[in-house]
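Following: one structure in structure tokens, then a few remarks.
The values are calculated or read from the model by the stated rules, or taken from the named source; none is laboratory data. All figures in this text were calculated on a predicted structure; none of them were measured in a lab. No Cβ is skipped: glycine too gets one built from the backbone with ideal geometry, and neighbour counts run over all protein chains shown.
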Amino acid sequence: MKPGEQTRLASVDAVRAHQRTWLEETRAAVGEGGGRFAICNADDFEEIFTAFGIPVMVVNYWNSIVTFSERKGPHFGAVLRERGYTPNMFSMGLATTLDPAEAPWGGLPKPTIMIGTTRDETQLRVMELWARAFGCECYPLDFSWTSQYRQLPPPGWWNLHFSRSGEMIDPARHAERVRQMERLIAHLEERLDQPFDHARFREIMEGINEQMALWQEAFDLIATVRPLPVSLRDQTALYQLNWQRGTAPNIALMRDFLTEVRQLVADGAGCYPQERFRLYLATSGNDPLYHRYLRERWGGAIVSSRYSGIAPMYARDLSREGPLEALAARQLFLFDKEPHWEVHEAKRWGAQGVIGLERDPSLPSRYRRVVEAAGLAYLALPRDADDEEIHGLIDCFVQTRILEGQ
Amino acid sequence: MTEGANGTGLDVFRRVYEDRNAPARAWKERGGKVVGYFCDNVPTELIHAAGFLPYRISGQPEADLMRVRDQIDALYQNDLATRPEFVASMLSQLLGSELAFLDYLIIPHNRHAIQAIYRELQEAAQENADLKLPPLHYMDKAWSPFSEPDGFNRNAVVGLRDALAAWRGRAIDDADIATSIEVAEATRSLLREINAARLDHPTKVSSSAALWAHAAAMLLPPDQFARAARAMLDELPGLPERNGPRLFLGGSPFDHDRLYALIDALGATVVTEDHCWGARTADDYALPQGAPLDRLAARFHAAPACSIRYSFEDTIDASVNRAVSADVDCAIHYVFAGDNTQSWETPDEVKALRERGIPTLHLAEQRYDCAPPEDIKAQISAFLATVPARDRRQPA
């Protein structure tokens, strides 16, 4: 491998290709007049649409394609500003519909329905404006992910998802969530003139468990072997399998990935030319722009990010409650950006340090305190950029916090 | 002139506005307890029924935001801790000693930055043993227009009643709640009289005076407010006519009077507005008949959290209708930087008003403290100069 070069897994390229093909096929079907299509937020309603047999694009996935994969945030930000709006990442999808000629991958077809979420005051409004731009229905669904605002996640919360999620959510809010989903399902049955297939829904939920078990097995393997067999870029790209999750094609792609990982491990293959030390990325971004500098200058590898730990949290024990109740519980609490969990993940990956994004890296933060108390080094960066300031912070961190300890 | 609580009505309201904690301090000196709360949809009737004084927390442009940076922002990475400055300034006062007189605090599930305070304060207290907080109560709300009125949101009102009962050490009965509802309706009725006077041709109620009156309704004991409000209404005939442009103010919630004072100084008058510190607080939700708690629950369910009502078009229509029915000559939409609620609604409100022939100035991503005042003044002055003149002694 040349310096800076990374391997790309064939199974992950297949995931990338699958997503584009899926969108092309969906667009063609809708364009021909017979196809249906929906847009919803990631954790709100995807499984329900899948059970109805309706292809669905999740908002934050589309926004991440615009922002991270295609790096078109500045253009679409300007599109919104021209219309008097103040852009943010959640509104990128709206902007692609206002300026479809510039939309990635040929853009989205007109949806049959969009599910507006009241996760915060921006999201419902953006979804309503987006539906207006498409000329389709927007159905508001109440706030998801509320639980961590009402009750703090208990210690070790990341171990409770599968069968003890009830301990982390408000029972009244959970019951309300189930009622709201039942109401929306009834609305869709009428709107689509199609009964909801409860058996198919259970299949989807069970499929998610199967997919996430494969994910867990693959990532447990990746985390423990040296050298790292799967790059952060490929790990992040694999997260696309979380959209249309639980379907047969996604499970097959996940199984292919596990097979390829096993082979790479057997071959002792590494994804980076050198791996002098490992770092864990505690941010919501993709493979950061400065990673190449970190690798080439210092041999430092960012071996994983929070996404690798989030995906398995979608799995739920369906023997304890019905699939709708399990889905509602997951919608109310999936994960929390919280340092004790990130420390747990960093240690699982054998990282010596953690990278976070903080407005003012010079200030003492809880992330820094918790990470350093756990015996790991902490690098706080003000932004994900690849410039001299960031390089300087990386240099100082590596020299004083990583190399000195070796 | 009729005497209010202490001086004329307007004097009382102005003094309360200048020292918003004074009524609560006086209440406490008499042995009472004070319950702080955020926003305009907490059923304060229940607080009164428990025998406590409600105190609506407001922002302060001069608040020390370094406290928020050091004690709250330091808890989270930068994609979690986002809030408009007026919310930060409220949080700052809770982290400092300014609001140490609060015995209890209610945090409703309204805009995200408000909702997050419940968690932020608890985690800040975990990190900092010196931070003393009053007992907190989180008041959840289902926002969906499809949730059932007698379901989740009613239970949230029951939960608040029970929390207040626990704080005072005995149950709150329906008779107490019914009395509080009557008192609160009397307060709203007085505010509606003041708002009606604002719409007179010509108006005699200055922009600032109206803002002071609405805030006083949320800070004074009801009997003191009632005396001062009646005094203010008695004073109005003797006040000078305000014949400058009649103005509608949209956009972010103004919990300080700097913009209002500036508009008054330029000869224009805000005759109505669409934010939660002004005319909207007196909106009549026509409480249904029934058990007192059910009446409050019905209003809590119907009133939008912050200004976020479904649908978008309903929100725009409500705002525009407020302006149109006030027979305004022009409108200003002033939106604070970071106010995500308004930043998506305002462009459509501005467009709709302009389509109705109402000249509208859209000031986006503005500073909460309205600084530098000379810049704001210049922009508004230039805008007002474009507003067509007319005889404002008569409706258009």
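If you go through the range B:312-334 one residue at a time, how many are in contact with a Leu (Cβ under 9 Å, 6 or more places away or on another chain) and more than 8 Å from every other protein chain (Cβ to nearest Cβ)?
Qualifying residue count, the range B:312-334: 14.
Suppose we filter the range A:334-353 for residues that are more than 13 Å from chain B (Cβ to nearest Cβ), of a type outside the set (D, E, K, R) and in contact (Cβ under 8 Å) with a residue 60 or more places away in the chain; how many remain? Break it down stepwise before answering.
As a first pass, look at the range A:334-353 and keep what is more than 13 Å from chain B (Cβ to nearest Cβ): A:334, A:343-353.
Subset that is of a type outside the set (D, E, K, R): A:334, A:343-344, A:346, A:349-353.
From what's left, in contact (Cβ under 8 Å) with a residue 60 or more places away in the chain: A:334, A:344, A:346, A:349-353.
Total satisfying the criteria: 8.
Which of the residues belonging to the range A:381-406 are of a type in the set (A, V, I, L, M), touching a strand residue (DSSP E or B) at 6+ places or on another chain (Cβ under 8 Å) and farther than 16 Å from residue A:287 by Cα? First the steps, then the outcome.
Keep residues of the range A:381-406 that are of a type in the set (A, V, I, L, M), which gives A:381, A:385, A:390, A:393-394, A:398, A:402-403.
Okay, now just the ones that are also touching a strand residue (DSSP E or B) at 6+ places or on another chain (Cβ under 8 Å), so A:381, A:390, A:393-394, A:398, A:402.
Correct list: A:393, A:398, A:402.
Among the residues of the range B:134-157, which ones are exposed (fewer than 15 other Cβ atoms within 10 Å of the Cβ) and either outside the structural domain of residue B:96 (by TED's automatic domain parsing) or within 23 Å of residue B:32 (Cα to Cα) (or both)?
Listed by number, the list holds a single entry, B:135.
Restricting attention to the range B:76-112, which residues are within 14 Å of another protein chain (Cβ to nearest Cβ), under 25 Å from residue A:88 (Cα atoms), surrounded by 20 or more Cβ atoms within 10 Å (Cβ to Cβ) and of a type in the set (A, V, I, L, M)?
Within the range B:76-112, B:87, B:88 meet the criteria.
Please give the helices (runs of 4 or more DSSP H) falling wholly within the range A:295-386 in which 3 or more residues are within 19 Å of the chain's Cα centre (by Cα).
The helices (runs of 4 or more DSSP H) meeting that bar are A:306-310, A:323-332, A:339-348.
Go through the range B:140-175 and count every residue that is more than 12 Å from chain A (Cβ to nearest Cβ) and of a type in the set (A, V, I, L, M, F, W, C).
Of the residues in that region, 10 qualify.
Which of the numbered conditions does residue B:194 fail, given that it passes all the others? Conditions: (1) crowded, with 16+ Cβ neighbours inside 10 Å; (2) over 26 Å from residue B:281 (Cα atoms).
Looking at each condition in turn, residue B:194 falls short on (2).
Are there helices (runs of 4 or more DSSP H) fully within the range B:16-81 with at least 1 residues that are under 30 Å from residue B:274 (Cα atoms) and in contact (Cβ under 8 Å) with a residue 60 or more places away in the chain? List them.
Once the helices (runs of 4 or more DSSP H) in the range B:16-81 are filtered for at least 1 residues that are under 30 Å from residue B:274 (Cα atoms) and in contact (Cβ under 8 Å) with a residue 60 or more places away in the chain, what remains is B:22-29, B:44-49.
Regarding the range A:83-93, can at least one residue be identified that is part of a helix (DSSP H, G or I) and more than 30 Å from residue B:352 (Cα to Cα)?
No: zero hits.
Scanning for something touching a Ser or Thr at 6+ places or on another chain (Cβ under 9 Å), at pLDDT 95 or above, of a type outside the set (Ser, Thr, Tyr) and not in a helix (DSSP H, G or I), does the range A:2-15 turn up at least one residue?
There is at least one residue in the range A:2-15 that is touching a Ser or Thr at 6+ places or on another chain (Cβ under 9 Å), at pLDDT 95 or above, of a type outside the set (Ser, Thr, Tyr) and not in a helix (DSSP H, G or I).
Table: residues versus (1) within 17 Å of the chain's Cα centre (by Cα); (2) acidic (Asp, Glu); (3) buried (at least 18 other Cβ atoms within 10 Å of the Cβ); (4) at positive phi.
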| residue | (1), (2), (3), (4) |
| --- | --- |
| A:183 | no, no, no, no |
| A:191 | no, no, no, no |
| A:194 | no, no, no, no |
| A:197 | no, yes, no, no |
| A:224 | no, no, no, no |
| A:242 | yes, no, yes, no |
| A:248 | no, no, no, no |
| A:267 | no, yes, no, no |
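Name the single residue, out of those in the range A:112-129 being under 19 Å from residue B:140 (Cα atoms) and either out of contact with any strand residue (DSSP E or B) (no Cβ under 7 Å at 6 or more places or on another chain) or of a type in the set (S, T, N, Q) (or both), that is modelled with the highest pLDDT.
Across the range A:112-129, the extreme among qualifying residues is A:123.
Taking residue A:350 and the conditions (1) crowded, with 18+ Cβ neighbours inside 10 Å; (2) over 25 Å from residue A:119 (Cβ atoms), which numbered condition does it fall short on, given that it satisfies the others?
Here residue A:350 meets the rest and fails (1).
Conditions tested, residue by residue: (1) closer than 30 Å to residue A:138 by Cβ; (2) touching a residue at least 40 places away in the same chain (Cβ under 8 Å).
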{"residue": "B:134", "(1), (2)": "no, yes"}
{"residue": "B:137", "(1), (2)": "no, no"}
{"residue": "B:154", "(1), (2)": "yes, yes"}
{"residue": "B:161", "(1), (2)": "no, yes"}
{"residue": "B:166", "(1), (2)": "no, no"}
{"residue": "B:170", "(1), (2)": "no, no"}
{"residue": "B:173", "(1), (2)": "no, no"}
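Can you list the helices (runs of 4 or more DSSP H) lying wholly within the range A:103-169 that have 1 or more residues being in contact (Cβ under 8 Å) with a residue 24 or more places away in the chain and within 12 Å of chain B (Cβ to nearest Cβ)?
By residue number, A:121-134, A:147-150.
For the range A:192-214, state whether one or more residues are modelled with pLDDT of 95 or more, within 14 Å of chain B (Cβ to nearest Cβ) and either under 22 Å from residue A:243 (Cβ atoms) or in a loop (DSSP other than H, G, I, E, B) (or both).
no
Tell me which residues, restricted to the range A:286-305, are in contact with a strand residue (DSSP E or B) (Cβ under 9 Å, 6 or more places away or on another chain) and surrounded by fewer than 18 Cβ atoms within 10 Å (Cβ to Cβ).
A:299
Specify the residue that is nearest to residue A:221 (Cα to Cα); the eligible residues are those in the range A:270-294 that are outside any strand (DSSP E or B) and hydrophobic (A, V, I, L, M, F, W, C).
A:271
List the number of the failed condition for residue B:178; all other conditions in (1) more than 14 Å from chain A (Cβ to nearest Cβ); (2) free of Cβ contacts under 8 Å to residues at least 60 places away in the same chain; (3) surrounded by fewer than 18 Cβ atoms within 10 Å (Cβ to Cβ); (4) of a type in the set (A, V, I, L, M) hold.
Residue B:178 satisfies all of (1) more than 14 Å from chain A (Cβ to nearest Cβ); (2) free of Cβ contacts under 8 Å to residues at least 60 places away in the same chain; (3) surrounded by fewer than 18 Cβ atoms within 10 Å (Cβ to Cβ); (4) of a type in the set (A, V, I, L, M) except (2).
So which residues in the range A:84-99 are at negative phi, modelled with pLDDT under 95 and not polar (S, T, N, Q)?
Residues satisfying the conditions are A:85, A:87, A:89, A:90.
Of everything in the range B:361-396, what is under 25 Å from residue B:86 (Cβ atoms), touching an Asp or Glu at 6+ places or on another chain (Cβ under 8 Å) and of a type outside the set (Lys, Arg)? Give them in sequence order.
Scanning the range B:361-396 gives B:368, B:369.
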